[in-house]
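Please read the structure below before turning to the comments.
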Amino acid sequence: MKAVAVLCLIAGATGTTLLVASFGFGAVSATLLAVHWSGFLTICAYHLALIALCGIAWSALVPKPRRNVDFVWGRLLRDAGSEVLPLSQLGGYALGARALTLTGVRGALAVASTIVDVTLELLAQIAYTALGVGLLLWQRPDTALARPVAFGLVAALLLAIGFIVAQRRGVGPAVRLMQRLAGEWLGPAASVTGLHDAIGAIYRRGCGLSLGFLLHVAGWLAGAVEVWLALHLMGLKIDLGAAIAIESLLYAIRSVAFLVPNALGVQEGAYVMLGALFGLNPEAALALSLLKRARDIALGVPILFAWQFVEGNRLLRQRPADQQAAP
């Protein structure tokens with residue numbers, strides 16, 4: 001699996017470079033630099049608020065008292081791991097769950113809430129993509145892209161429903177998969193006893209589930225507003241409906257290619273293809289993708305350094321205790 005990820009990473013980096021080269025480094029960089037530092041900082045601040053919203057959606061799943069800031073921190077680390085490190089999305093989930101346990105949340109609840117939160121985010125994304133398909137058909141009724149995406153939506157919905165049923169009923173293969181994920185995410189020493197019970201308790205909190213789902217829908221829509229804002233900062237005019245259609249379909253494509261680390265190459269190619277449907281030239285589409293990657297690096301690298309500092313301090317405190325406990 002690691003070899004496949006490395007090959008995908010190399011292929012994605014090569015594809016991105018070739019795409020930018022084919023449309024001209026100068027043209028792409030000129031469009032990107034039109035944002036200026038003030039615009040870039042605005043995009044970064046906006047994205048931080050969006051991640052905080054997703055962290056609050058995660059915290060809504062667990063019984064209080066729990067600090068929202070702990071879940072926001074976990075979500076920041078989850079996204080940093082997924083978008084900056086050469087990991088698949090599963091690696092980001094592992095970092096987020098790990099971060100949550102260090103705030104005092106027991107292992108079973110950290111893993112269970114992560115699994116349910118990811119499930120709700122997937123359901124919100126399906127609704128978001130359905131909206132995007134509707135907008136695509138409204139603005140481009142002759143496109144051939146809508147039908148395969150619609151079939152994909154139905155398949156994704158059926159898979160999501162099946163996964164929810166498996167989580168709630170504790171079907172053997174699903175439980176084994178979740179226990180395996182827990183071991184990989186938190187390490188063999190982590191306590192995941194009662195994982196299925198923790199998942200069941202979360203699903204019995206109807207208000208928390210509803211709030212989490214609605215906040216994730218709001219988060220997806222806010223992401224489209226961010227793209228609309230970024231394009232306007234580049235001096236490109238696009239209506240919000242087109243931005244929603246482009247972003248929703250982009251993340252549908254990214255979900256299919258979830259094994260590709262950072263969706264490198266996939267995101268760039270998808271932006272070029274989808275942008276063309278709404279009059280966005282390839283240079284602007286590539287500049288938008290590179291702007292988002294620069295934003296992820298600017299936010300993610302400090303977060304990962306902070307995480308290393310936290311983990312380093314924990315290990316330094318733990319070593320004397322282990323030495324004292326040794327005979």
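Among C44, C54, a tally of other beta-carbon atoms within 10 Å of each Cβ gives an order, fewest to most, of C44, C54. Spatial offset of region 252-289 relative to region 45-77 amounts to 27 Å, using the alpha carbon center of each.
This ranking places F71, F305, F213 by how few other beta-carbon atoms lie within 10 Å of each, fewest first, which gives F305, F213, F71.
Return the FRET efficiency for the residue pair V225, L48: r is the Cβ-Cβ distance, R0 is 22 Å, and the value is rounded to the nearest 0.05.
Result of the calculation: an efficiency of 0.95.
Stretch N281-S29 to full length: gain in nm at 0.36 nm per residue minus the Cα-Cα span?
The N281-S29 span can extend by a further 89.4 nm.
Each peptide in 46-53, 263-270, 142-149, 105-112 gets a packing score, the mean of other Cβ atoms within 10 Å over its residues, and the list from highest to lowest is 105-112, 263-270, 46-53, 142-149. Eigenvalues of the alpha-carbon gyration tensor of region 64-173, scaled by 5 and square-rooted, set the equivalent ellipsoid semi-axes at 32, 18, 13 angstrom, largest first. Each residue, L159 and A144, gets one label point 7 Å from its Cα in the Cβ direction; the gap between the two is 2.4 nm. Note on M234, M273: ascending count of other Cβ atoms within 10 Å places them as M273, M234, the fewest first.
Computed from label points 7 Å out along Cα-Cβ, the spacing between R204 and R314 is 2.9 nm.
Laboratory data are not the source of any read-out in this text; all were calculated from the coordinates shown. No experiment lies behind these values; they were computed from the predicted model shown. Note that each Cβ is placed from the backbone with ideal geometry, even for glycine, and that neighbours are counted across all protein chains shown.
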